[in-house]
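Taking it in order: structure first as structure tokens, then the write-up.
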Amino acid sequence: MAPNPATAPNLFDRALLAARLSRARRAGAATFLLERVTADMADRLQAVSRSFSAAADLWTPGDGLGDALRGRVGSVDPIGFSEAEALGLPPESLDLMVSALAFQFVNDLPGVLAQIRRALKPDGLLLAAMLGGDTLTELRQSFAAAEAECEGGVSPRVAPFADLRDIGALLQRAGFALPVTDVDRVVVRYASAFALMADLRRMGATNVLHERRHAPTRRATMLRMAQIYGERFADPDGRIRATFDIVWLSGWAPHDSQPKPLKPGSAKASLEAAVKGVKR
């Protein structure tokens, strides 16, 4: 499926995202999630039996994945972050596309996946990780409760995250074979909600929604949010929990060598016969 700018949602201000990522890098980025994903990416590729000669890294923040994957992949060409989501990759030019913690800020994820699928050679692999699921659910709930109580309404604070089932369906829709998704849940503990928000700034992961509230948040609302967070999501020692769901997705460009489901009616034994043959 080709990307369709006329119908794709425009949730994220990617120009603002670029500025936030740049600011985070200058200030000393918080990279603990990216480091975890990078190590896991290397392990997952080690488990793949085929070799890769033409690989690209799409929009991974920081220094990218090239160094970490060097022992598994000859070279990885980085595709740096851009506001536009049109990749401009030649058809069947890559046998591996990787990406870490970038797809959660894509406006037209179906379109990007379709572009990647076309850029992969037959039997080429997409392996990516993105934030999804219940990521930052505690912060979302705390902000919503505080705003409703202090301001009489709720504004978009935390980006919507895709769940596992949605992402698997998007891989199939884009034409990938053998799609697989799974979740690595990471729970991080902080001294306070403000410490969590400081880390989010150092990730470049603060609110970049187009429909975000542009006026500064009232001090009373922020203090109430932190209080609610502590009341609902603190451990006995007083430290709060923050959930990060890292959603892994992989899929292959179709190839004749890949396993295929049997055609209806091609089975050599019937289920009825198998059931009757079971001894009780």
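Taking every DSSP beta bridge with both residues inside the chain, roughly what % is antiparallel (nearest 5)?
The answer is about 65 percent antiparallel.
So how do 192, 53 line up by other beta-carbon neighbours within 10 Å, fewest first?
Working: 192 15, 53 11.
Ranking 192, 53 by Cβ neighbours within 10 Å, fewest first, gives 53, 192.
Along the Cα→Cβ direction, 7 angstrom out, place labels at residue 215 and residue 172. What is the inter-label distance in nm?
Label at residue 215, label at residue 172, 4.6 nm between them.
Values in this text are rule-based calculations from the coordinates and carry no lab data. All of these numbers come straight from a predicted model, not from anything done at the bench. Every residue, glycine as well, gets a Cβ built from its backbone with ideal geometry; the counts of neighbours run over all protein chains shown.
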